[in-house]
Amino acid sequence: MDAVHIQMKNEGQMKNPATRMPPPARETYRHGDLRRALLDAGIALASEGGPEAVVLREATRRAGVAPNAAYRHFESRQALLEAVRKAGLAAVARAMEAQLTALRPGRDAAAHARNCLRAVGRGYMRFAREHTGLFRAAFAPPEPVEEVDADPAKAGDSGLNPFQLLGAALDQMLQAGLLPPERRPGAEFLAWSAVHGLALLQVEGPLRDMPAARADALGERLLDMVEKGL
């Protein structure tokens, strides 16, 4: 059969549903990693519309399976949202770690400690602006603070979750003599409150239309205030 006849045959198959080749099976489902496929779908939904958009039925549709198949991995919509929340926290941690990785230690321990504190705050606020839906999902449920939580699903590449990364930065401030020992207890909550508050104003409050350059500048001023206030 020459090339022209092959092309005509292929075009005929495309026009005739009865002879059209079936689509390939989904790689994730075929290999048994349906939980990962559902979680990825949940993360995508959160990224698009925040925690309210995480719906189990829509996640199964995107994963290409029947709704009942999801219940072997997520017994409810809340269970899927909790898994998405953990993934969101890990993503926040990695954004903070990226800012830390970009630092050059140098010989000045005090300057490096300040830079580390600013880096974790900067990474947190930028993630909130750039990935607003997933950020909102990460902090949506009223869960307790995860100070000593060892769940790797909530951690970045360092093995620390966002709250622990902040704590580590504050410990460096303490060791460098920039934070008095008597002011170290509870400092995480004060720093976190300030940074999280500005992040919320910028992603879903009256500052949400602020240009990125101005938002960055305002964030740096906030970090100045946090550092001096500690």
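Each value in this text was obtained by applying a stated rule to the coordinates, not by laboratory testing. Here the structure is a predicted model, which is why all the values come from computation and not from measurement. Note: ideal-geometry Cβ built from the backbone for every residue, glycine included; neighbour counts use all protein chains shown.
Please find the FRET efficiency linking residue 103 to residue 35, where r is the Cβ-Cβ separation and R0 is fixed at 45 Å, and quote it to the nearest 0.05. Computed FRET efficiency for residue 103 and residue 35 comes out at 0.80.
Residue 99 sits among other residues whose Cβ lies under 11 Å from its own Cβ, and their net charge, with Lys and Arg +1 and Asp and Glu -1, is +3. Calculated FRET efficiency, residue 130 to residue 110, Cβ-Cβ distance, R0 = 30 Å: about 0.50 to the nearest 0.05.
From the square roots a ≥ b ≥ c of the eigenvalues of the alpha-carbon gyration tensor of the range 124-216, which class results: rounded (a/c under 1.5), prolate (a/b over b/c), or oblate? Since a/c reaches 1.5 but b/c is at least a/b, the shape of the range 124-216 is classed as oblate. For the range 88-229, the relative contact order is 30 percent, taking Cα pairs closer than 8 Å that sit 6 or more residues apart in sequence and dividing their mean separation by the residue count.
Here the label points at residue 190 and residue 175, each 7 Å from Cα along the C-beta direction, are separated by 2.2 nm in the simple model. Stretching residue 62 away from residue 200 to a fully extended chain increases their span by 46.7 nm, per 0.36 nm per residue minus the current alpha-carbon distance.
Summing Cβ point charges (Lys, Arg +1; Asp, Glu -1) relative to the Cα centre of the range 88-229 gives a dipole of roughly 480 debye.
Between residue 224 and residue 78, the modelled labels are 4.6 nm apart [label points 7 Å from Cα along Cα→Cβ].
Between residue 183 and residue 158, the FRET efficiency estimated from the beta carbon spacing at R0 = 22 angstrom works out to 0.30. Applying a DSSP loop filter and a limit of 12 other Cβ atoms within 10 Å to the chymotrypsin sites (Phe, Trp or Tyr not before Pro) in the range 67-174 leaves 71.
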